[in-house]
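Before any comments, here is the structure.
The values are calculated or read from the model by the stated rules, or taken from the named source; none is laboratory data. Predicted model, so just to flag it, every value in this text is computed and none were measured. Positions of Cβ are backbone-derived with ideal geometry, glycine not excepted, and every protein chain shown enters the neighbour counts. Areas reflect the complete protein model, heavy atoms only, side chains present, ligands, DNA and RNA absent. Shrake-Rupley method; radii C 1.70, N 1.55, O 1.52, S 1.80 Å.
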Amino acid sequence: MNNMNQMMKQVKKMQEQMLKAQEELATKTVEGTSGGGVVTVEVSGHKQILSINIKPEAVDPDDVEMLQDLVLTAVNDALAKAEEIANADMGKFTGGMKIPGLF
């Protein structure tokens, strides 16, 4: 019975630590770029796009497809970096296992 109580305390402590780590992810940001920095995208650790910055030299009315590609590349770069920090922060609790819905 004593072992069960000890294990439950450990589980509760780990749950609290995981919740804190998830909350901290929301405060972390990463930046993705493309075109040598003409397009930048800022993303939170929860993979929400916070801002998109497009420098004027990236805008060519005759080549809208290029701008679309630059934005897409920067967004994907930022999301990949956000995934990396989420995996790094939460991986210490999951031991590298992918748990659906956890993060």
Filter result for ASP77 (at pLDDT below 85 and surrounded by 14 or more Cβ atoms within 10 Å (Cβ to Cβ)): no
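For every residue, the table says whether it meets (1) at pLDDT 90 or above; (2) out of contact with any Asp or Glu (no Cβ under 6 Å at 6 or more places or on another chain); (3) part of a helix (DSSP H, G or I).
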residue	(1), (2), (3)
ASN3	no, yes, yes
GLN6	no, yes, yes
VAL11	no, yes, yes
GLU16	no, yes, yes
ALA21	no, no, yes
VAL30	yes, yes, no
THR33	yes, yes, no
VAL41	yes, yes, no
HIS46	no, yes, no
Subset of the stretch 56-67 [open to solvent by 100 Å² or more (accessible area, probe 1.4 Å) and farther than 12 Å from VAL38 by Cα]: PRO61, ASP62, GLU65
Selection count where residues are free of Cβ contacts under 8 Å to residues at least 24 places away in the same chain and outside any helix (DSSP H, G or I), scope the stretch 49-66: 11
Scope the stretch 1-40; condition of a type in the set (A, V, I, L, M) and over 30 Å from MET66 (Cα atoms); matching residues: MET1, MET4, MET7, MET8, VAL11, MET14, MET18, LEU19, ALA21, LEU25, ALA26
Members of the stretch 6-40 found to be aliphatic (A, V, I, L, M) and either over 21 Å from the mean Cα position of the chain (by Cα) or open to solvent by less than 70 Å² (accessible area, probe 1.4 Å) (or both), listed by number: MET7, MET8, VAL11, MET14, MET18, ALA21, LEU25, ALA26, VAL30, VAL38, VAL39
Residue pairs meeting the criteria (Cβ under 7 Å; at least 6 apart or on separate chains; first at pLDDT 65 or above, in the stretch 80-99; second of a type in the set (Val, Ile, Thr)): LYS81/VAL30; ALA82/VAL30; ALA82/VAL43; ILE85/VAL30
Residues of the stretch 41-50 that turn out to be of a type in the set (A, V, I, L, M, F, W, C), crowded, with 17+ Cβ neighbours inside 10 Å and farther than 15 Å from ASP69 by Cβ, as a count: 1
